[in-house]
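The structure appears right after this line, and notes come after that.
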Amino acid sequence: MVGINTVGVVGLGTMGAGIVEVFARNGLNVVAVEISDGALDRGRANLTGSTDRAVAKGKLAAEDRDALLARVDFQVGLGALAEVDFVIEAVPEHLDLKQKIFAELDRVCKPEAILATNTSSLSVTEISVATHRPNRVIGVHFFNPAPVMKLVEVIKTVVTADEVVADVEALCARLGKVDVTIADRAGFIANALLFGYLNHAVAMVEARYATREDIDAAMRLGCGLPMGPLALMDLIGLDTAYEILDTMYRRGGRDRRHAPAPLLKQMVTAGLLGRKSGRGFYTYEKAGSPVVVADELTPAEGTSVEGARAVGTVGVVGSGTMATGIIEVFTKAGFEVTSVTRGGEKSAKLCEALKVNLNKSVVRGRLTEEERDAILNRVTWSTNLEHLSDVDMVVEAVVEELTVKKALFASLDEICKPGVVLATTTSSLPVIECAMATQRPADVVGLHFFNPAPAMKLVEVVRTIRTSSSTEATALAVCDRLGKHGVRCEDRSGFIVNALLFPYLNDAVKMLEASYATADDIDYAMKLGCGYPMGPFELLDVVGLDVALAIQRELYLELREPGFSPAPLLEHLVTAGYLGRKAGRGFRDHTGR
Ligand SMILES: NC(=O)c1ccc[n+]([C@@H]2O[C@H](COP(=O)([O-])OP(=O)(O)OC[C@H]3O[C@@H](n4cnc5c(N)ncnc54)[C@H](O)[C@@H]3O)[C@@H](O)[C@H]2O)c1
């Protein structure tokens with residue numbers, strides 16, 4: 001094992017500057033190299049900008065910042081790296097450039113030095129053969145922002161020496177990082193799972209399926225992600241993202257989902273590279289700033305609810321988990337609710353479930369007993385749809401079967417007064433089918449709540465090609481009153497969240513099936529590399545493997561995208577009854593926990 005005391009970083013852009021900071025914060029001396037004086041100044045500014053922000057936020061003492069910066073020796077040209085023990089390259093994602101740099105590093109660095117690449121998608125093996133020491137070449141893939149994200153993917157090629165892997169793993173531990181060591185495959189773990197999703201989100205913007213704000217809000221609020229996909233694209237850099245996708249497409253079996261969306265190429269050509277150039281999907285205060293400012297695409301306040309109709313009374317049909325949550329949400333927001341179920345027993349159970357939930361709020365001090373009683377008094381319990389003849393809006397949350405929903409909408413059409421908004425909470429069926437079961441398709445809209453409805457802020461407001469703008473505006477205004485964040489999208493399978501989430505989960509299953517990495521490593525990679533609240537296998541066990549399979553099948557059937565075909569392993573687990581937590585076993589064993 002060589003002692004690693006002095007390290008080199010080549011390229012001080014988005015990643016390189018962050019990597020310099022990680023090393024210097026942990027007491028290593030760093031030689032930081034750029035291609036020209038101008039680029040060096042920009043690299044230095046990246047580093048001082050980030051450390052100054054850390055000081056301003058109280059996360060770093062001013063004297064520690066000064067000590068950190070004193071450990072960095074800024075230089076132009078690779079010649080400055082003759083004495084380093086370890087060097088990592090973070091130049092743009094082009095194979096020929098990286099090979100050229102490695103050939104040069106091989107010449108200037110001492111023979112025992114380890115040469116590492118931070119590539120996200122290129123073959124580490126192909127980079128290594130540009131040197132005379134491929135056994136000392138390794139992939140060390142940091143995540144953006146490098147000082148924050150805990151994960152490092154260590155990529156061992158077929159020729160990387162075991163001692164080099166051991167030295168790099170020890171280095172990661174010294175940096176306070178968690179490493180996963182894996183083989184050389186396009187996108188490794190995290191990017192292989194992330195980039196199909198990011199590209200799909202770009203395609204949604206391109207198709208005007210939903211706005212950038214709505215797509216990002218949907219993934220933050222619906223999945224608890226730290227940032228939405230388009231904000232993340234801006235952080236990664238659109239040029240880098242383009243190169244990663246392009247390489248993954250070519251190296252990873254020509255999966256069309258990795259073929260970069262045409263919009264990306266156009267934005268890169270136009271110089272819209274994301275935060276680093278001050279403009280990407282969003283506009284930033286200045287180049288390199290994380291602060292978003294309004295631009296011509298920023299929606300003006302209040303315009304989405306213009307033309308909304310007044311809603312005071314609401315009917316909720318159904319008696320399951322979603323109906324219970326939805327009744328709670330509406331009554332808490334002051335609406336009068338008529339609940340309709342298929343029998344007195346069901347109504348009694350529903351009423352009981354609502355009381356239990358409200359009592360929990362009372363115990364937690366979020367509701368007084370008087371407020372609870374007032375809320376309960378706002379509900380009328382009924383088993384007869386005729387009682388909905390006078391409500392202003394109906395929200396349907398019955399079983400996810402099209403024939404049942406269509407029959408219900410046909411009845412509502414007979415019973416409800418004109419102008420009433422008729423909403424379905426379906427998560428996978430076409431809203432237009434419900435709409436066309438009535439004589440008033442313009443009044444029908446999707447209101448996709450998330451479970452548990454009282455806790456989840458997001459509601460997807462789904463317009464069909466027949467939904468009127470006044471109906472959509474009414475639905476959005478109602479979301480506002482409920483304290484929910486309504487996002488608009490069109491009537492396509494999976495709406496925004498499920499269409500972006502489930503293919504990613506399915507890809508994780510395919511990766512496990514291919515024995516590329518373990519379920520634990522994949523879960524770690526997404527949590528520590530991308531800040532996800534749960535790894536894909538943890539989430540699948542919570543959601544239910546049967547639910548995930550059903551949604552994935554719908555997406556595959558509607559879009560006919562070969563990459564969306566359900567993972568055979570997922571099908572087998574469902575057939576075997578391993579449905580996740582609810583069955584005691586899914587990807588993991590939950591009995592005895
Ligand atoms: N952006 C991300 O989120 C991210 C995350 C992980 C890994 N990566 C990988 O990190 C690498 C760098 O990506 P980035 O986003 O930081 O790119 P970037 O465009 O922000 O920075 C690249 C830097 O390399 C410099 N450079 C170019 N040629 C050079 C040379 N011959 N010698 C020295 N410096 C040179 C450029 O001046 C620039 O400052 C890529 O391989 C990328 O795939 C990126």
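The values are calculated or read from the model by the stated rules, or taken from the named source; none is laboratory data. Because the structure is predicted, anything quoted here is derived from the model rather than measured. Every residue, glycine among them, receives a Cβ derived from its backbone with ideal geometry; neighbour counts consider all protein chains shown.
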(request) Could you list, in sequence order, all residues of the range 125-153 that are in a helix (DSSP H, G or I), closer than 14 Å to Gln99 by Cα, of a type outside the set (D, E, K, R) and away from the ligand (no atom under 11 Å from the Cβ)? (result) Thr125, Ser128, Pro134
(request) Please give the number of the condition Asp214 fails out of (1) within 26 Å of His485 (Cα to Cα); (2) within 15 Å of the ligand (Cβ to nearest atom). (result) (2)
(request) Could you tell me which residue of the range 408-437 is surrounded by the most Cβ atoms within 10 Å (Cβ to Cβ), considering only residues that are among the polar types (S, T, N, Q) and within 14 Å of Val317 (Cβ to Cβ)? (result) Thr424
(message) It is to be established whether one or more residues within the range 313-326 are exposed (fewer than 13 other Cβ atoms within 10 Å of the Cβ) and at pLDDT 95 or above.
(response) no
(request) Might you check whether a residue that is in contact with a Leu (Cβ under 7 Å, 6 or more places away or on another chain) and more than 29 Å from Arg256 (Cβ to Cβ) occurs anywhere in the range 113-128? (result) yes
(message) I'm told Glu460 meets every condition in (1) among the acidic types (Asp, Glu); (2) surrounded by fewer than 18 Cβ atoms within 10 Å (Cβ to Cβ); (3) in contact (Cβ under 8 Å) with a residue 60 or more places away in the chain except one. Can you identify the failing condition by its number?
(response) (2)
(message) Can you name every one of the strands (runs of 3 or more DSSP E) wholly within the range 1-117 that holds 2 or more residues which are within 9 Å of the ligand (Cβ to nearest atom)?
(response) 29-34
(request) Evaluate the range 154-175: report whether one residue or more is modelled with pLDDT of 95 or more, closer than 30 Å to Pro260 by Cα and either aromatic (Phe, Trp, Tyr) or buried (at least 22 other Cβ atoms within 10 Å of the Cβ) (or both). (result) yes
(request) Among the residues of the range 524-569, write down those that are within 15 Å of Phe188 (Cα to Cα), surrounded by 22 or more Cβ atoms within 10 Å (Cβ to Cβ) and not small (Gly, Ala, Ser). (result) Met526
(message) Condition check: β-branched (Val, Ile, Thr), within 37 Å of the chain's Cα centre (by Cα) and either modelled with pLDDT of 95 or more or surrounded by fewer than 17 Cβ atoms within 10 Å (Cβ to Cβ) (or both). Does Val91 satisfy that?
(response) yes
(message) Within the range 211-271, considering only helices (runs of 4 or more DSSP H) that don't extend past its boundaries, which have at least 1 residues that are surrounded by fewer than 19 Cβ atoms within 10 Å (Cβ to Cβ) and out of contact with any Leu (no Cβ under 9 Å at 6 or more places or on another chain)?
(response) 229-236, 238-251, 262-269
(message) For the list (1) over 18 Å from Ala437 (Cβ atoms); (2) in contact with a Lys or Arg (Cβ under 9 Å, 6 or more places away or on another chain); (3) part of a helix (DSSP H, G or I), I need the number of the one condition that Asp390 fails.
(response) (3)
(message) For the range 275-284, check the following and say yes or no: at least one residue is closer than 29 Å to Ile127 by Cα and under 22 Å from the mean Cα position of the chain (by Cα).
(response) yes
(request) Could you tell me whether Leu482 is in contact (Cβ under 8 Å) with a residue 60 or more places away in the chain and under 22 Å from His448 (Cβ atoms)? (result) yes
(message) I'm checking my understanding of the structure. Among residues of the range 28-77 that are surrounded by 15 or more Cβ atoms within 10 Å (Cβ to Cβ), of a type in the set (Gly, Ala, Ser) and in contact with a strand residue (DSSP E or B) (Cβ under 7 Å, 6 or more places away or on another chain), which one is farthest from Pro92 (Cα to Cα)?
(response) Ala32
(request) Report, by residue number, each residue of the range 487-499 that is within 11 Å of Gly222 (Cα to Cα) and either buried (at least 22 other Cβ atoms within 10 Å of the Cβ) or among the polar types (S, T, N, Q) (or both). (result) Val487, Ile496, Asn498
(request) Could you pull out the residue among Ser120, Ser128 that is among the small types (Gly, Ala, Ser), more than 25 Å from Leu505 (Cβ to Cβ) and crowded, with 20+ Cβ neighbours inside 10 Å? (result) Ser128
(message) Out of everything in the range 556-579 that is modelled with pLDDT under 95 and outside any loop (DSSP other than H, G, I, E, B), what residue ends up being nearest to Tyr197 (Cα to Cα)?
(response) Gly563
(message) Restricting to the range 411-439, name every residue that is within 37 Å of the chain's Cα centre (by Cα) and farther than 19 Å from Val399 by Cα.
(response) Val420, Val421
